[in-house]
Amino acid sequence: MTPAFTDPAARRRWDAYFYEVDRLLARADADAAEMRGDLEAHVVDSMAAASGGNEGERLDAALSRLGRPIDYLRPLLADQLIERGTLTYSPITIARGLSYAVMAGSRRAVIGLAFGLGYLLLAIFTSMALLKPLWGEHVGVFRYADGTVSAGIIAQSDGARELLGWWSIPIALLLAALLYVALTKGLRTLQQRR
Amino acid sequence: MARQSDDSQEAIGRWEVQLRKGVLEFVILLSLSDREQYGFELISGIAKRAAIDVPEGTLYPLMLRLAKDGLISSRLADGDGGAPRKYYALTAQGRELLRGMIPSWSKLAASVDSLLPGASA
């Protein structure tokens, strides 16, 4: 539905705008794909409704009123990627959705960061389970001579007593699995409440 | 002093944007309660009648969500120039939700108004 521009520069600006729209919508669900047509029709209507100015000026004004695609499509992408990721339990899709959420606004940023930290903790538990057989004396729960206790992957474990032994592996895996399910279900619940 | 005034204007601007975004869904449902409308018509009507000036692009992801929630439906029909336009209309579910939202809004608006300086207690 590209209008027949007489000004080649205006045509280039139209193409550049909708190239950005296409790039973003490529990551969205199929039902969002038809939004390109809606946006094109909107710009055409907006240009037709403008009273003065040449073609390029009317296009620029219409695109400016519409806003930058990243600004209005980012929250949509965040919602859709998180929804898709939580349904398929895909950590990459969830991470991508969270990154859009963090960039999309303050409330979303707080939620995105909170869940991001949760997934970081999950990565630490998984790493503990994987590293225990290779670097056993530095992975687990350690009690030091002064009574303090540290857990995780510890570089300085000299003089400390490891409390869990090989149990670190199933416990870390169990915690990782529980955290993953809890975080993913939490994200899904948040999506449904929106 | 001027700096303080700028900061205050900026804070008011941010608050207004959040406020407008918050009521946009309600305003869209209200606008569609009269008759079906296409995207540009809807957003220009909202800007004109409700003085809600938001980036026009924010309308479309919101319309997609409202459609997904079953509150609005859309159909393609010929526009003025012959090119097909997408017309949005309220569904029965959307109309029912709007009927519930109107008293809530009236109550909220009245209670906030009563807190304004000069309002009778």
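Side notes on the structure shown:
- In plain terms, the residue of B:M101, A:M128 with the fewest other Cβ atoms within 10 Å comes first and the most crowded comes last, giving B:M101, A:M128.
- Within a Gaussian network of chain B (alpha carbon springs, distance under 10 Å), most fluctuating of B:L97, B:L42, B:L32: B:L97
- Charge dipole (Cα centre; +1 on Lys/Arg Cβ, -1 on Asp/Glu Cβ; no other charges) of the stretch A:1-67 amounts to roughly 220 debye.
- Rounded to 5, the percent of DSSP beta bridges in the protein assembly as shown classed as antiparallel: 100
- Angle in degrees between helix A:55-66 and the longest Cα principal axis of chain A, rounded to the nearest 10: 40
- Per-residue Cβ neighbour rank within 10 angstrom, fewest leading, A:T189, A:T184: A:T189, A:T184
- Here chain B yields Rg over Rh of 1.07, to two decimals, using C-alpha coordinates and the Kirkwood radius.
- Computed E for B:R35/A:T88 - FRET, C-beta separation, R0 35 angstrom, nearest 0.05: 0.30
- Model label zone, A:L173; criterion: amide N under 13 Å from point 7 Å along Cα-to-beta-carbon; scope the stretch A:111-132: A:126-132
- Label-point gap, in nm, between B:S44 and A:R143 - each point 7 angstrom along Cα→Cβ: 7.7
- For B:T91, the amide hydrogen comes within under 5 Å of the amide hydrogens of B:I72, B:S73, counting only partners 5 or more places away or on other chains and with H modelled in the peptide plane.
- Based on alpha-carbon atoms, the Kirkwood radius and the radius of gyration of the stretch A:1-67 give Rg/Rh equal to 0.98.
- Positive-end extreme of charge dipole, chain A - chosen from A:L59, A:G37, A:S150 (charges on Cβ): A:S150
- Under the span-like rule (Cα at least 24 Å along the axis, Kyte-Doolittle mean at least 0.0), DSSP H helices of chain B: B:92-115
- Within chain A, the proportion of C-alpha pairs whose separation exceeds 28 Å stands at 51%.
- For B:K21, a cut-off of 27 angstrom between C-alpha atoms picks up these lysines, skipping any fewer than 8 places away in its own chain: B:K48, B:K68, B:K86, B:K107.
- C-alpha long axis of helix A:69-88 to longest principal axis of chain A, angle in °: 40
- A protection proxy built from the mean count of other Cβ atoms within 10 Å ranks the segments A:142-151, A:55-64, most packed first, as A:55-64, A:142-151.
- Virtual spin-label span in nm between B:D113 and A:L164, 7 Å along Cα→Cβ: 6.1
- Ranked for footprinting exposure by Cβ neighbours inside 10 Å, fewest first, B:I72, B:I102 give B:I102, B:I72.
- The relative contact order of the stretch A:18-133, computed from alpha carbon pairs under 8 Å that lie at least 6 residues apart in sequence, is 19 percent.
- Shape category assigned to the stretch A:119-193 from the gyration tensor of Cα positions, a/c cut at 1.5: prolate
Read-outs: derived from the displayed coordinates by stated rules, not from any lab. Owing to the predicted nature of the structure, the values given are computational and were not obtained by experimental measurement. No Cβ is skipped: glycine too gets one built from the backbone with ideal geometry, and neighbour counts run over all protein chains shown.
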